[in-house]
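What follows is a set of notes on a single structure, which appears directly below.
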Amino acid sequence: MADGTLHIAVCVKAVPGSTDVRMDPETNTIVRDGGAAVVNPFDASALELALGIADARAASGVPTRVSVVSMGIPSTASLLRDCIARGATDALLLTDRAFAGADTLATTRALALGLARLGRVDLVLCGKMAVDGDTAQIGPELAGALDLPCAVDVRGLVACSEGALRARVGIDGGTAVVELPLPAVATVAKEAARLRMPSISGVLAAEGAEVEVLDASGAGADPARIGLAGSPTQVVRSFVPEQRSSAREIGGTAREQAAAVADIVERMA
Amino acid sequence: MQPAQEAVPRAEGLIRPLTADLDGYRRDESRSTGEAETISFPESEEEVRAILRALHADGVPVTVQGARTGLAAGAVPHGGHVMNLSRMNRYLGLRRDGSGAFFLTVEPGVVLSDLRKRLKARDVPSDGWDDASLRALRELADAPEQMFPTDPTESSACIGGMTACNASGARSYRYGPMRPHVTALRLVLADGDVLAMRRGEVRARGRSLALRTVSGREISLELPTYEMPRCKNASGYYVEDDMDAIDLVIGSDGTLGVLTRIELALTPAPAVTWGVSTFYASERSALDATERLRAELADAAALEYFDGAALDILRRQRDSSAAFSSLAEPPAGARACVYVELQCTDEAAALADVRRIAGVLRAVGSDADGTWVARTEVDREALQFFRHAVPESVNMLIDERRRADPSITKLGSDMAVPDERLHDVVELYRRTLAEAGLESAAWGHIGNNHLHVNILPRDAGDYARGKELFAGWAREVTRMGGAVSAEHGVGKLKRGFLETMYGPEHLREMARAKLALDPLGQLGRGNLFDETYLEGGERHG
């Protein structure tokens, strides 16, 4: 915060807009074809927290820069432009076939390269988890990669002042207020904030805004440490549990009925 | 589509006493209550016919009900029998014409929300459909998504009720009311005979109409001679020279027959839907903006309004109720809001419209920063929550006041005027409300100059003054060339206004037209006009 500007980077992920997703039969990962993708709702809350901090600081005349950064397919740029329409200052998209198939570790490495590209960052905000992967690993892994303190499951912001973040976080059976020195990483719960809608001015301004696009070599990535090649996790199989139900009437004596039930249970095993 | 060999149902088993456990069927969403001795829940046209034949012998009054979501008490019984059609809720068939358009035939009890859900999922129940319908259904699966455009706020409304009152909704600004989307129907008359009507097949000659029932009976009737207002209108029978016969039935408030089958024209769903909420420091700016938006936006599907009092109610709800805490917060100082829904072929067209809206805001001295643009499903839902929270909050407020004084209830207007009278009618509302010292909140379909001005009575005196005010508005709106009911229908609550709008002589003409189809005046008694207009028929003539 040397020049007085607080720089917040918000990591966002494009997720399918519906639960009707296609899986790649080879890699067992979600096919991301950009059809009706939305910003992960947890990341949307993280963005709103960042914009709220910027608003509060603007009211006292101090500047804030809110960058959004994502690793995704090229069409993710339109989601990042939508983040700019809602108030983000700038956006960076890491996109390359070499990034595809990444697990959380390889994703973290790519995002860390993106954050490095943004220059000095005071606060990195992520959604607590993504609604498609549900791992909740990216934020803490990023903190590890960047060697920064990390608060997880932020339910609300108490204060973001010079050099420190105070936040209410979820703990077993309740919440607690924690304070972290900046720079830091925090992951945000969905209920922490509701992302504002863009204004007409925001939508029109975002149309002319540039989303910086970086491929793997531009980001300086080691091909062995990103994408499928850099992912120690292997998804062996993933599937949508099939819901089946049926009913059968069982008659006869109590003994016969008990035998029929035992038979059904046996067949289910 | 009943099997031909099905036995003729016997009415005796279908008509039952309206006992205390069925009390709910004496009421509808208008919060008024009526009386009836018997009730039936027919499940087929044959059952409807059997019941009506049995009741016709004694001239028993019959009130037809659907989902009972109407706001004008059209479904509230007026003695006699209640015929509730909610169990006639089957999807009967699908047709595709040469131009590729789809037409879905349903029973009257099909609920709008179910219809929407099934069209969206392309999952229409097709049990018992013929080959042509099944072929059309297969084509629907591969065609661009289809929708049914009429969108009353209450999506639990049923198609029969929506047809009977010629329902509208926010998107009627673009798509009109039910009328243009109903292409065929079957109507069982009070004596059990049936009229099968298809748009384009039977037209009046001037104001004379000749109909033929499926049994071959000829019915001639003279249509009323009034001219309808040139604005959104759901007041009384639709009549004009050389009109299509089907249009007489749509919007007839259950007074001519019982709808048993309705064919709906489907519409391709728009590729891009964006919602834009704009805010103004004064009502005048909002009205000026509305006139400009109407002129400049070809792709607007809806133009909706919320006045400062409505915004204040939402601000209070947001702060005081957990259920409303996620409401978006209107900008400080906003005293009016105009919501525009854009339906466009692509995002570039929507963006061009957003630029036009920005231009309009500049022209009326308003701010493009303090606006909301909903482009995602989450944001569209947030705006819908905002819009629906207004009537819901007002109902809650009235319920609270009713606890102190049970005699009061909400008073909501439903009048519309031609475009050029928008400023005049709002000036009328504001001046007379201020003179009467009444609290109010106004919202609604400003694109059609159709505001629901809701009086929020604090006590019985306010309520009485409010009713008086509405009667005065009915006279003034009629002078402006407007309609006393633009979308809720006249039902039983607004028949006094209809008398103001058309005068007793035209009401007598309406009664005569009704009696040509329902000679004993059994159906929908008390709807549209007082039943004294029916007595003896000719006595009034």
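Data table
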read-out	value
Tally, over the range B:114-143, of residues that are at pLDDT 95 or above and within 30 Å of B:PHE386 (Cβ to Cβ)	6
Candidates A:VAL131, A:VAL158, A:VAL152 - the one that is among the β-branched types (Val, Ile, Thr) and at pLDDT 95 or above	A:VAL152
Of residues in the range B:57-90 being part of a strand (DSSP E or B) and either out of contact with any Leu (no Cβ under 7 Å at 6 or more places or on another chain) or of a type in the set (Val, Ile, Thr) (or both), the one nearest to B:LYS410 (Cα to Cα)	B:HIS78
Only listed residue being within 27 Å of A:ALA116 (Cα to Cα) and without any contact (Cβ under 8 Å) to a residue 12 or more places away in the chain, chosen from A:GLY251, A:GLY227, A:GLY218	A:GLY218
Given (1) within 24 Å of the chain's Cα centre (by Cα); (2) over 30 Å from B:LEU493 (Cα atoms); (3) crowded, with 20+ Cβ neighbours inside 10 Å, number of the condition B:LYS120 does not satisfy	(3)
Qualifying residue in the range A:81-102 (condition: hydroxyl-bearing (Ser, Thr, Tyr) and either out of contact with any strand residue (DSSP E or B) (no Cβ under 7 Å at 6 or more places or on another chain) or at pLDDT below 95 (or both))	no
Single unsatisfied condition, B:THR532 versus (1) closer than 30 Å to B:HIS423 by Cβ; (2) in a helix (DSSP H, G or I); (3) of a type in the set (Val, Ile, Thr)	(1)
Test: residue in the range B:200-210 that is within 26 Å of B:VAL60 (Cβ to Cβ) and surrounded by fewer than 21 Cβ atoms within 10 Å (Cβ to Cβ)	no
Filtered residue count, the range B:299-339, keeping only those that are farther than 19 Å from B:SER366 by Cα, touching a helix residue (DSSP H, G or I) at 6+ places or on another chain (Cβ under 8 Å) and among the hydrophobic types (A, V, I, L, M, F, W, C)	9
Single match in B:GLY109, B:GLY66 (criterion: touching a Pro at 6+ places or on another chain (Cβ under 8 Å), at negative phi and of a type outside the set (Lys, Arg))	B:GLY66
Failed criterion for A:ILE200 (all others in (1) more than 30 Å from B:ARG355 (Cβ to Cβ); (2) aliphatic (A, V, I, L, M); (3) buried (at least 23 other Cβ atoms within 10 Å of the Cβ) hold)	(1)
Helices (runs of 4 or more DSSP H) enclosed by the range B:274-388 - at least 1 residues per element that are in contact with a strand residue (DSSP E or B) (Cβ under 6 Å, 6 or more places away or on another chain), within 12 Å of another protein chain (Cβ to nearest Cβ) and buried (at least 19 other Cβ atoms within 10 Å of the Cβ)	B:347-363
Tally of residues being away from chain B (no Cβ under 14 Å) and touching a residue at least 24 places away in the same chain (Cβ under 8 Å) across the range A:177-208	11
Which listed residue is at pLDDT below 95, touching a Leu at 6+ places or on another chain (Cβ under 8 Å) and among the aliphatic types (A, V, I, L, M), from A:ALA50, A:ALA37, A:ALA59	A:ALA37
Index of the failed condition, A:GLY251 passing every other in (1) in contact with a helix residue (DSSP H, G or I) (Cβ under 8 Å, 6 or more places away or on another chain); (2) surrounded by 10 or more Cβ atoms within 10 Å (Cβ to Cβ); (3) on the phi < 0 side of the Ramachandran plot; (4) not β-branched (Val, Ile, Thr)	(2)
Count - residues of the range B:146-176 that are outside any loop (DSSP other than H, G, I, E, B), within 27 Å of B:VAL272 (Cβ to Cβ) and either under 11 Å from the mean Cα position of the chain (by Cα) or of a type in the set (Val, Ile, Thr) (or both)	2
Residue check, A:VAL213 closer than 16 Å to A:ARG81 by Cβ, more than 14 Å from every other protein chain (Cβ to nearest Cβ) and not acidic (Asp, Glu)	yes
Residue within the range B:410-417 that is in a helix (DSSP H, G or I) and out of contact with any Gly (no Cβ under 8 Å at 6 or more places or on another chain) present	no
Filter pass, A:ALA219 being modelled with pLDDT under 95 and in contact with a strand residue (DSSP E or B) (Cβ under 9 Å, 6 or more places away or on another chain)	yes
Residue match in the range B:431-439 (condition: in contact (Cβ under 8 Å) with a residue 60 or more places away in the chain and farther than 30 Å from A:ALA44 by Cα)	yes
Number of positions in the range B:462-492 that are outside any helix (DSSP H, G or I) and over 20 Å from B:GLY34 (Cβ atoms)	7
Of residues in the range B:389-420 being within 30 Å of A:GLY202 (Cβ to Cβ) and not polar (S, T, N, Q), the one nearest to the other protein chains (Cβ to nearest Cβ)	B:ALA389
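The values are calculated or read from the model by the stated rules, or taken from the named source; none is laboratory data. Just so we're clear, the structure is a prediction, and the values are computed from it rather than from any experiment. Backbone-built Cβ (ideal geometry, glycine too); neighbour counts: all protein chains shown.
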